[in-house]
Amino acid sequence: MFTEEQKEAISFTDGPALVLGTPGSGKTTVIINRINNLIYGHGVSPSSILVITFTRAAAESMKQRFLEMNDMDSTSVRFGTFHSFFFWIIRTAYGQERPVSVMDEGEKRNVIRNILLDINRDMYGGEEVLNGVLSQFSIIASDMIDIENYYSTNMSQEDFIKVYKAFASYKQQKGLIDFDDMLTMCFKLLTERKDIAMRIRQMYPYIMVDEFQDTNLLQYEILKKLTYPDGNLYVVGDDDQSIYGFRGARPDVLKAFEREYFNVTVLKLSQNFRCPAIIVRSSAEVIKANKNRFDKELISASGKAGTLDISSVQDIKRENELVCSRILKALSSGVSADEIAVLYRTNYQPRRLMYKLRENAIDFNVRDQVPDIFSHPIVVPVLSYITFALGKKKRSLFITFMNKPLRYISRDMLTSEEVDMGELLEAAGDKDYLRDNIRRLNSELRTISSLNPYAAINYIRDAIGYNNYLKKFAADNGGDYDEMSDILDELQSMTKGLQTFGEMYDMIDDYRKLLALSKEEGLPEERPRVQLMTLHSAKGLEFKEVHILDAVEGCIPHRKSRNVHEIEEERRMLYVGMTRSSDKLYMYVPRIMGERVGKPSRFIESLKKGSIL
């Protein structure tokens, strides 16, 4: 029933242990059976066992599997998440003396979004800026960094500190904490109140942690308060699947555990029961290039031949056609749609694929929200230029682009809801430089109206100077010009081939309808759908057929990944994606990416060097 490695991991009883599992090696099975072994083989009280994982769904799933295995309706074994357990510690310690209210993630996003808009609506209105700030807040908390010593990656230091302090002030005024605060409070409590730490040690002498590679430094330090130096802390994880660095997870926590605890037993689960041999070999070839990892043997135990295909294609259009063709073939051979996944590095990538899937009547579901590119704060001024040039003279439109680039036009000059360029000239008075700017803008608007959509966007970017404006804006405010340029490149690519602005607006409407349809509620729940998701979201899942888009430099690894640690995390991300497949794995390398030449990912190139392909 179990392999020798699994038996050894299940039978382990006392002391600290690190179980290194590989994808599809039965890590959860080992945890559940070890609980059984402790209770029924060694007389451990169920109420003294605590099992921690990262999501409520995972905790509930593990609990249900345990109950079903033992034909039980309930158990006193405690299954929960880090957050639920730490919140219980805080609530138990403070009771009614200090009531604590935790804000949910939705409220947190909305509050920080509004703070960003107040500081700089033009620069900080996009979801990627918001996500970046949320990620950095988590890293500051989890790595225990002083805000004054932290330098933001996507905005000026001054603005970042403003956002941080404004959010802290909001929480204080409302009497709220967020999940990051919860960790900080729990660590502080256990540090100052050793009696509470000792009480919890006695209550839960057996602690097990699943997906330990996703642990951040602060979570690890809290665990140490309860188990260090030689307690029964049993952690299960795979450093090769540590892909949540953006929220503070550190793969080196596994090595820290082995190094810092006394007499740690390291157990390995090397057999992959999910992936065919070709996929195990190729994914092993990719991941072995990482230096910061445990050395481990990766063995396929699935008994299947499997398929690995890396397709070089002309461009994104051809990539999407080939993906759809293969999905249709799989569906016709009897594969259920929900056993097929399309994976990608960022949630901007599947936009045009969604059109192609719909065109081929392939039902699909997008796990992660795909941003509306036409509402992006970098794109809105471009569309406003066009809409205004075509005759819609609204003041609200004009304000979004009138000083991009800088023309020294003030809002005070706009005296009505409709903008008249003649009246604007009069409002400029005797300021010749301002009158010249307004005349030039009027001429530029006439030119825009005479072009097709693709040419108009190009004209706005280059001739009018929107690109140069963004370069300066990014330099002055700590923004990322390359990211802005990529977004505009994508916008241009989407308009290529359109002859009229009417076609462009139809395309925008169609795109927004498609976004709405792609959400969970778009189709009846019982109807199987092809799953579209980021590599991050795919972790822990399994599919018969996996398609990985855009295996090119700049996508995977992402162009923002510059140092060794970031490149290694990108490599782990591809490894996670590759090992989701239980049968067929397809990866695509477009030679043209929108407006740029596509260069094969260095991770794919390593397969050629390793003679896998």
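Along the charge dipole of region 129-260, Cβ charges K/R +1 and D/E -1, which of Ile200, Leu130, Tyr234 sits furthest on the positive end? It is Ile200. Spacing of the modelled spin labels on Ser325 and Asn563, each 7 Å from Cα toward Cβ, amounts to 4.4 nm. Counted residue by residue at 0.36 nm each, then reduced by the alpha carbon distance between them, the extension gain from Thr75 to Leu541 reaches 165.1 nm. Entry note, the chain: relative contact order of 18 percent, from Cα contacts under 8 Å with a spacing of 6+ residues.
Taking every C-alpha pair closer than 8 Å and separated by at least 6 residues, the mean separation divided by the residue count of region 464-611 gives a relative contact order of 23 percent. Rounded, prolate or oblate: which one fits region 374-509, using the alpha carbon gyration tensor with axes a ≥ b ≥ c (rounded when a/c is under 1.5, else prolate when a/b beats b/c, else oblate)? In terms of gyration-tensor shape, oblate. Simple spin-label model, 7 Å along Cα-to-Cβ: Met421 to Thr307 in nm? About 5.7 nm, to one decimal. With 0.36 nm allotted per residue and the present C-alpha distance subtracted, the Lys394-Val102 stretch has 100.9 nm of extension available.
The charge dipole of the chain, taken about its Cα centre with unit charges on the Cβ atoms of Lys, Arg (+1), Asp and Glu (-1) only, comes to about 520 debye. Between the DSSP loop rule and a limit of at most 10 other Cβ atoms within 10 Å, which GluC sites (Glu not before Pro) in region 387-439 are left? Of the GluC sites (Glu not before Pro), the ones in loops of region 387-439 whose Cβ has at most 10 other Cβ atoms within 10 Å are Glu417. For region 104-177, the square roots of the Cα gyration tensor eigenvalues, ordered a ≥ b ≥ c, give a/c below 1.5, which places it in the rounded category.
For region 365-451, trypsin sites (Lys or Arg not before Pro) are listed when DSSP marks them as loop and at most 14 other Cβ atoms sit within 10 Å of their Cβ; the list is Lys392, Lys431.
Hey, quick one: spin label on Arg193, modelled 7 Å out along Cα-Cβ, who in region 49-89 has an amide N within reach, i.e. under 17 Å? Those under the cut-off are 84-89.
Between Asp315 and Glu60, the FRET efficiency estimated from the beta carbon spacing at R0 = 30 angstrom works out to 0.10. Scanning the chain for chymotrypsin sites (Phe, Trp or Tyr not before Pro) lying in DSSP loops with no more than 13 further Cβ atoms inside 10 Å, the longest uninterrupted stretch between such sites is 409-613. Once C-alpha pairs closer than 8 Å and six or more residues apart are averaged by separation and normalised to the residue number of region 104-177, the relative contact order reads 30 percent. On the beta carbon distance between Asp482 and Arg591, with R0 = 25 Å, the FRET formula returns roughly 0.75. The convex hull defined by the C-alpha atoms of the chain has an orientation-averaged projected area of 31.0 nm². Region 368-446 and region 200-223 have Cα centres separated by 56 Å. Between Ser169 and Ile145, full extension at 0.36 nm per residue minus the direct alpha carbon distance yields a gain of 6.8 nm. When a/c is below 1.5 the answer is rounded, else prolate if a/b is larger than b/c, else oblate, so apply that to region 454-613 with a ≥ b ≥ c taken from the square roots of the Cα gyration tensor eigenvalues. Oblate shape, in that a/c is at least 1.5 and b/c is the bigger or equal ratio. By DSSP, the beta bridges lying fully in the chain are antiparallel in about 10 percent of cases.
Here, each number is a calculation from the coordinates, and none is a lab measurement. No experiment lies behind these values; they were computed from the predicted model shown. With ideal geometry, Cβ positions are generated from the backbone for all residues, glycine too; neighbour counts draw on all protein chains shown.
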